[in-house]
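The values are calculated or read from the model by the stated rules, or taken from the named source; none is laboratory data. On a predicted model such as this, the values are computed, not experimentally measured, just so you know. We place every Cβ from the backbone using ideal geometry, glycine too, and count neighbours over all the protein chains shown.
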Amino acid sequence: MEGLNIHPEVAELYPELLEIRRGFHKNPELLFELPKTSAFIIEYLQSLNIEVHTEVGKIGVVGVIRGEGPCILLRADMDALPIEELKESDYKSSNPGAMHACGHDAHMAMLLVAAKVISRHRDKVKGSIKFMFQPAEEGGHGARFMRDDPLYPILDSEPRVDEVYAIHVEPQMKSGDFFCSDKFSSSCCDDFSIEIHGKGGHGSAPFLCIDPVVIASELVLALQTIVPRNINTKYQSVISVCSIKAGETYNAIPDSCILLGTIRTYEKEVREQIIQRATEICEGLGIANNTKITFKIDPGYGAIINDPKCIEKSVDTFKKVSPNAVRYMGYPMYGEDFSYLTDVRPGCFIGLGCNPGERGAVLHSPNFNIDERAMMIGSSWFIQLINDQLCSNEDLI
Ligand SMILES: [Zn+2]
Ligand SMILES: [Zn+2]
């Protein structure tokens, strides 16, 4: 943590940053059910005399600082995961079956403290800022609900947003380092389900049945040929069958078999090609086995595509806060609904190194943890973004 340029007011507010993060950590809430979390954020922003919009995208919160000039949106997510926390601490989850295992508690704390510092100096800001606190990042499309809210569409309502930025904790990298991809910051995630309509019967008489277990076995292997044999090797993609359910006992061939899985891609064409091949394989294998196989896709989040100019700004700004930072690149295979914003506005999504030096402290683990000091880097990055883009050199926050 040496050699960093933490904003002095953030350093002073470190106890508050900790208290806010730990408060959220102790009281995790899921998807759109965020009464305590959103109430805390509303009250905090109001105490800063920031204009607040509530119930955006069901329960999202937006703080607005208005000024003449461009408008920048800074985003944090509010929801936790349906995971039982194993890690012991005096701020361990008090809500059984829910845990902030993806660091959204830290995201909220970093953005709130940044809002506090920026709001103290709002007269210096030549432009507008929207502080976005979204629900349901973990699978609920919360960002889309806020983007498409008919009463307050977060990007298009005045002041209209020009650029969007977000930061996500990355406990695999050490504090001070960061991740910033040169293009994709997350993948396109589609879930699928397949139903094989077989014909059940006695396990000793398979010739009288259409055995969905044998068909499922063929199908899993056939699906695995799509990526290596149909997709151009210059593209990264994955198709995984993660669940197979059929039958109850050892001597009865079941009537049907259900398979569940996920497809991860970056480019639209690759996504379409994999879905088309999977559909064809299901149809073909159905015909070959004299039965029907239905393939259903449940479209998930698109890939975040970082804007080249916003990447440059994000990297420059991060290096001002952490001059010795190592920048990690590459295309992650996880999903993130910040893509609903980068689909329609230039933006950038970066990862904040925060390795706590503990085994198993990875994202979505019941032992998830972070080096909390790294939150000072995240808050300072938000402030530095505003300094670099909305403040003149003589008038910095
Ligand atoms: Zn997550
Ligand atoms: Zn997350």
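When region 257-276 is filtered for residues that are crowded, with 19+ Cβ neighbours inside 10 Å and closer than 30 Å to residue 205 by Cα, the ones remaining, listed by number, are 257, 259.
Total residues in region 251-271 satisfying the condition of being touching a Lys or Arg at 6+ places or on another chain (Cβ under 6 Å) and not aliphatic (A, V, I, L, M): the figure is 1. Considered as a group, the residues in region 1-56 that are in a helix (DSSP H, G or I) and among the small types (Gly, Ala, Ser) include one that is surrounded by the fewest Cβ atoms within 10 Å (Cβ to Cβ), and that residue is 47. Which condition breaks for residue 295 when tested against (1) within 16 Å of ligand 2 (Cβ to nearest atom); (2) at pLDDT 95 or above? The number of the failed condition is (1).
Give the residue that is surrounded by the fewest Cβ atoms within 10 Å (Cβ to Cβ), with candidates limited to residues of region 370-397 that are assigned to a loop (DSSP other than H, G, I, E, B) and not charged (D, E, K, R). Among those residues, the one meeting the criterion is 393.
The lone criterion from (1) over 14 Å from residue 190 (Cα atoms); (2) in contact with a Cys (Cβ under 7 Å, 6 or more places away or on another chain) left unmet by residue 271 is number (1). Within region 176-221, the set of residues being in a helix (DSSP H, G or I) and either buried (at least 22 other Cβ atoms within 10 Å of the Cβ) or not hydroxyl-bearing (Ser, Thr, Tyr) (or both) comprises 206, 207, 208, 212, 213, 214, 215, 216, 218, 219, 220, 221. Inside region 158-178, residues that are in contact (Cβ under 8 Å) with a residue 40 or more places away in the chain and more than 12 Å from ligand 2 (Cβ to nearest atom) make up a count of 14.
Results for (1) closer than 30 Å to residue 123 by Cβ; (2) at pLDDT 95 or above; (3) of a type in the set (D, E, K, R), shown as yes or no for each residue.
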site	(1), (2), (3)
36	no, yes, yes
39	yes, yes, no
45	yes, yes, no
50	yes, yes, no
53	yes, yes, no
57	no, yes, no
60	yes, yes, no
65	yes, yes, no
71	yes, yes, no
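Within region 229-268, no residue satisfies the criterion of being without any contact (Cβ under 8 Å) to a residue 12 or more places away in the chain and in a strand (DSSP E or B). Of 317, 294, all but one fail to be in a helix (DSSP H, G or I) and touching a residue at least 24 places away in the same chain (Cβ under 8 Å); the exception is 317. Scanning region 338-397 for residues that are free of Cβ contacts under 8 Å to residues at least 60 places away in the same chain and under 26 Å from residue 302 (Cα atoms) yields one hit, 343.
Going by what's in this entry, would residue 333 be described as assigned by TED's automatic domain parsing to the domain that holds residue 87 and either free of Cβ contacts under 8 Å to residues at least 12 places away in the same chain or more than 26 Å from residue 9 (Cβ to Cβ) (or both)? So residue 333 passes the test. If the condition is being out of contact with any helix residue (DSSP H, G or I) (no Cβ under 8 Å at 6 or more places or on another chain) and within 18 Å of residue 4 (Cβ to Cβ), then region 350-372 contributes 351, 355, 356, 357, 371. Within region 91-108, the residues that satisfy the criterion of being away from ligand 2 (no atom under 14 Å from the Cβ) and either touching a residue at least 24 places away in the same chain (Cβ under 8 Å) or buried (at least 22 other Cβ atoms within 10 Å of the Cβ) (or both) are 91, 92, 93, 94, 95, 98. Applying the set (1) crowded, with 19+ Cβ neighbours inside 10 Å; (2) of a type outside the set (Val, Ile, Thr); (3) within 16 Å of ligand 2 (Cβ to nearest atom) to residue 325 leaves exactly one unmet item: (3).
Scanning region 334-362 for residues that are assigned to a loop (DSSP other than H, G, I, E, B), within 15 Å of ligand 2 (Cβ to nearest atom) and either surrounded by 17 or more Cβ atoms within 10 Å (Cβ to Cβ) or of a type outside the set (A, V, I, L, M) (or both) yields 334, 335, 336, 337, 338, 354, 361.
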